[in-house]
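Reviewing the structure listed below.
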Amino acid sequence: MRYDLIPILMFVHGCAGIQSALEPTGAEARQIATLFWVMVIGGATIWLAVIGTLLYAARWKNKPHSAQSAGRLILWGGAVFPAVVLMALLSYALWLMPSLRPQAAESSIAPLRIEVTGEQFWWRVSYRSENHETSIASANEIRLPLGQRVEFVLKSSDVIHSFWIPSLGGKMDMIPGRTNRLSLLATKVGIFRGPCTEFCGTSHALMAFSAVVMDPVAFDTWLEAQSQPSEQHASDGKLRFISNGCGSCHTVRGTEATGTLGPDLTHLGSRESLAAGILPNTEEAIRRFIADPDVIKPDSKMPAFRMLPEDDLQAIASYLKGLK
Ligand code: CUA
């Protein structure tokens, strides 16, 4: 094992994966990655030229310049060269801008609109497509079809959060009292990760979501299923869920649980993760979160239910995991 390589490996490892702006899987992210590399190559070339000139002056050309050649060096190397290079890089970045923020031209024709609201510390999600009259509620997971432009409508209900799926595109703040728009086009099927990128309170670092890019046909089927209430079996867990008052904060469509303070749980069991990207979606994790939300996610608004008998916790967790 070459321990001296560890820092380099850590650095390079950070450039790939489900949350990397340098491994783009969306049209906007590709533009940003290209801009990044152009800037890096431009900067590195200039740095090499400056260091080369420095070495040349220090080691080989160590006689004083004439006043005339010094003046020429300052004019060309110190004024003309940086002005031209900076103008070129700036022009390139400005030229990219319309394609990085295409929503102004295309928002009226985006067939799918996803509204995402930042909450402390989770994401309220609602889909609005041409095929559905009403919007479809979900939480902490965003699904989008491959190769179709999606318009995100970004809001906040409390403090400033920031919405970012590095693999797919640029970042956009979610500001209370304001509606921001972001347009993204996914170019690869997969599961990516979006973290909250604006400090929003104690559990800011525990606020993330999965961004699932699906084949368009699979997406339509999925959205259709999401628009329906989940299959309900008369179960003990459901009764305990209702009788313990969970429905005053959470909605499970098709039941008397219609609360809107917390995440919609209608299809909780089918989501990629739990509690805004921090727990695996298992029955055990659901049970733990119901009992100790204040430990798992400090300052979250969900009250702890550790006083419930173990039977209740288990039955409710099992009911919720079954909501596919
Ligand atoms: Cu929400 Cu940081």
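For the chain, the share of DSSP beta bridges that are antiparallel, to the nearest 5, is 70%. Please work out whether the range 154-236 counts as rounded, prolate or oblate from its C-alpha gyration tensor, where a ≥ b ≥ c are the square roots of the eigenvalues and a/c under 1.5 means rounded, while otherwise a/b larger than b/c means prolate and anything else oblate? Note, shape of the range 154-236 comes out oblate. Under 5 Å from the amide H of S230 lie the amide H atoms of R253, each residue being 5 or more positions distant or on a separate chain, with H modelled from the backbone and absent for Pro and chain starts. With the biggest extent put first, the Cα atoms of the range 241-324 measure 31, 27, 25 Å across the principal axes. Secondary-structure-derived ellipticity at 222 nm for the chain, considering helices only, amounts to -10500 deg cm²/dmol, per-run term -39500 (n - 2.57) for DSSP H runs with n ≥ 4.
Membrane-span-like helices of the chain, defined as complete DSSP H segments with a Cα extent of 20 Å or more along the helix axis and a mean Kyte hydropathy of at least -0.5, are identified as 27-55, 81-100. Report note on the peptides 156-164, 218-226: ranked by the mean count of other C-beta atoms within 10 Å, highest first, their order is 156-164, 218-226. By the Cα gyration tensor, the chain has an equivalent ellipsoid whose semi-axes, rounded to whole angstrom, run 51, 23, 17 from largest to smallest.
Summary value for the chain: 15 percent relative contact order, contacts being C-alpha pairs under 8 angstrom separated by 6+ residues. Per-residue 3J(HN,Hα) values for the range 128-134, derived from phi via the Karplus relation 6.51 cos²θ - 1.76 cosθ + 1.60 with θ = phi - 60°, read 9, 10, 4, 7, 10, 5, 10 Hz in sequence order (x marks Gly and Pro). Ligands, DNA and RNA left out, the 1.4 Å accessible surface of the chain is 64% carbon and sulfur atoms.
Taking amide H atoms as placed 1.01 Å from N in the peptide plane, list the residues 5 or more away in sequence, or in a different chain, whose amide H sits under 5 Å from that of D173. Distant-sequence amide H within range of D173: F163.
How big is the gap, in Å, between the Cα center of the range 244-265 and the Cα center of the range 35-106? So the two Cα centres are separated by 59 Å. Heavy-atom accessible area for D312, with the other protein chains in place and a 1.4 Å probe, reaches approximately 30 Å². Ordered from longest to shortest, the equivalent ellipsoid semi-axes for the range 205-261 are 27, 18, 10 Å, each the square root of 5 times a Cα gyration tensor eigenvalue.
The string of couplings for the range 156-170 from the Karplus curve (6.51, -1.76, 1.60, θ = phi - 60°) is 9, 9, 9, 10, 6, 10, 9, 9, 8, 10, x, 5, 9, x, x Hz, one whole number per residue in order, with x for Gly and Pro.
For the listed peptides 270-278, 206-214, 45-53, a ranking on the average number of other beta carbons within 10 Å per residue, highest first, reads 206-214, 270-278, 45-53. In whole angstrom, the range 184-324 maps to an equivalent ellipsoid with semi-axes of 26, 21, 12, each derived as √(5λ) from the alpha carbon gyration tensor and ordered largest first. Once amide H atoms are built 1.01 Å from N in the peptide plane, which residues 5 or more positions from G26, or in another chain, come under 5 Å H to H? HN-HN under 5 Å from G26: T187.
With the whole protein complex present, K324 retains an accessible surface near 120 Å², based on a 1.4 Å probe. Across the range 177-187, rounded Karplus estimates of 3J(HN,Hα) from the backbone phi angles (6.51 cos²θ - 1.76 cosθ + 1.60, θ = phi - 60°) give x, 9, 10, 9, 10, 9, 10, 10, 10, 7, 10 Hz, Gly and Pro being marked x. The listed residues M172, M97 rank as M97, M172 when sorted by accessible area, largest first, using a 1.4 Å probe.
The values are calculated or read from the model by the stated rules, or taken from the named source; none is laboratory data. Treat the numbers as computed from the prediction; the structure is a model and nothing was measured. Ideal geometry is used to build each Cβ from the backbone, glycine not excepted, and the neighbour counts take in all protein chains shown. The accessibility values were calculated without ligands, DNA or RNA, using every heavy atom of the protein model including side chains. Shrake-Rupley method; radii C 1.70, N 1.55, O 1.52, S 1.80 Å.
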